[in-house]
Each structure stands twice: as C-alpha cells, then as structure tokens.
Amino acid sequence: MKCSQCGRDNLTEKGLEIHTKYYHKLRVSQPAQKFASGMCPDCGSTLWYEEGCANCRVCGFSKCG
C-alpha cells in the first residue's frame, strides 16, 4: 500500500496504519521532536531528540552534544 500523504510505498495495511499514526500525526503535532535511532542506556526506552539533546521520557536520562 502507498501513503497518500507522503508517497511512501510498499507498506502493509498494518504498516500504513502505524506509519500514518506515528509518522504524520506525531510529527505534525510535535514538530520540534523526532525519534532517535537509539535506546536509552539506563532503561531501554526510545530516546527523543529535542533541542540538540537525546532525552528519555521514561527515566529522565539526557545527553547533549
């Protein structure tokens, strides 16, 4: 399936649902934030990049630079 908003192709039905929910809705409502490609070294949760720092919303870990 193909995303009608950005044109991303070769998504399964479930993949398209997840892509639309997280990629488009979260990016539009929170444009200053984006998912990091890593995990928190303290608790294993997803890190968020905000204002140049990698932050964990679960345990509070933060690393800038």
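The values are calculated or read from the model by the stated rules, or taken from the named source; none is laboratory data. Not measured: the values here are computed from a predicted model. Reconstructed Cβ throughout: ideal geometry from the backbone, glycine too, with neighbour counts over all protein chains shown.
Summary of values
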item: Of all residues in region 53-65 being assigned to a strand (DSSP E or B) and not charged (D, E, K, R), the one that is surrounded by the most Cβ atoms within 10 Å (Cβ to Cβ); result: CYS56
item: Residue list for region 6-52, filter: among the hydrophobic types (A, V, I, L, M, F, W, C), surrounded by 13 or more Cβ atoms within 10 Å (Cβ to Cβ), within 17 Å of the chain's Cα centre (by Cα) and at pLDDT 75 or above; result: LEU16, CYS40, LEU47, TRP48
